[in-house]
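Let me begin by presenting the structure, written as structure tokens, before commenting on it.
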Amino acid sequence: MTGPINFTVKVTDAEVPAGTATAALSITITAAPLSVVTSSLPTGVDGSNYSTTLQAAGGVSPYTWQVTTGSLPAGLTLSGNTISGSPTGAGTTFTVTVTDAETPTAQTATNS
């Protein structure tokens, strides 16, 4: 949960009769910055099954992943945070971007 959290504190002293005091306080919680944790992908073998999971940290889940530059090698697809399939042909260069669920302004992080 992010955003302001409002609460009241009360203190009571040891005097007889006891004295008390209250105060309304607020603390704002923010999410850690969103980042891509995956730093490299395993090598694929032409025509063989391939599957790897992309990881992110921070931000507010759930995360949405997409290929934003270039394209995955032929035979591979991105579904959720998993790249899978059976690659065919030479490798390609691509960039994946993760977006978090923060409202109103989503954070994005990119790794290529």
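A few notes on this one:
- One residue stands out among those in region 40-57 that are surrounded by 13 or more Cβ atoms within 10 Å (Cβ to Cβ) and among the small types (Gly, Ala, Ser): the one that is farthest from THR99 (Cα to Cα), which is GLY44.
- Residue in region 79-112 that is farthest from VAL60 (Cα to Cα), counting only those that are assigned to a strand (DSSP E or B) and at pLDDT below 80: ASN111
- Enumeration of residues in region 57-69 that are touching a residue at least 40 places away in the same chain (Cβ under 8 Å) and under 14 Å from THR95 (Cα atoms): THR68, THR69
- Count of region 1-10 residues, restricted to those that are surrounded by 10 or more Cβ atoms within 10 Å (Cβ to Cβ) and of a type in the set (A, V, I, L, M), is 1.
- Test set (1) in contact (Cβ under 8 Å) with a residue 40 or more places away in the chain; (2) part of a loop (DSSP other than H, G, I, E, B) - ALA74 fails condition number: (1)
- Residue satisfying condition, being surrounded by fewer than 15 Cβ atoms within 10 Å (Cβ to Cβ) and under 16 Å from the mean Cα position of the chain (by Cα), within set VAL60, VAL16, VAL98, VAL37: VAL37
- Exclusive hit being exposed (fewer than 14 other Cβ atoms within 10 Å of the Cβ) and within 30 Å of VAL11 (Cα to Cα), set ALA21, ALA32, ALA90: ALA21
- Contacts under 7 angstrom Cβ, first residue in region 34-48 being without any contact (Cβ under 8 Å) to a residue 40 or more places away in the chain, partner surrounded by 14 or more Cβ atoms within 10 Å (Cβ to Cβ) and β-branched (Val, Ile, Thr), 6 or more apart: PRO42/THR52
The values are calculated or read from the model by the stated rules, or taken from the named source; none is laboratory data. All values reported here derive from a predicted model rather than from experimental measurement. In this analysis, Cβ positions are derived from the backbone assuming ideal geometry, glycine residues included, and neighbour counts consider all displayed protein chains.
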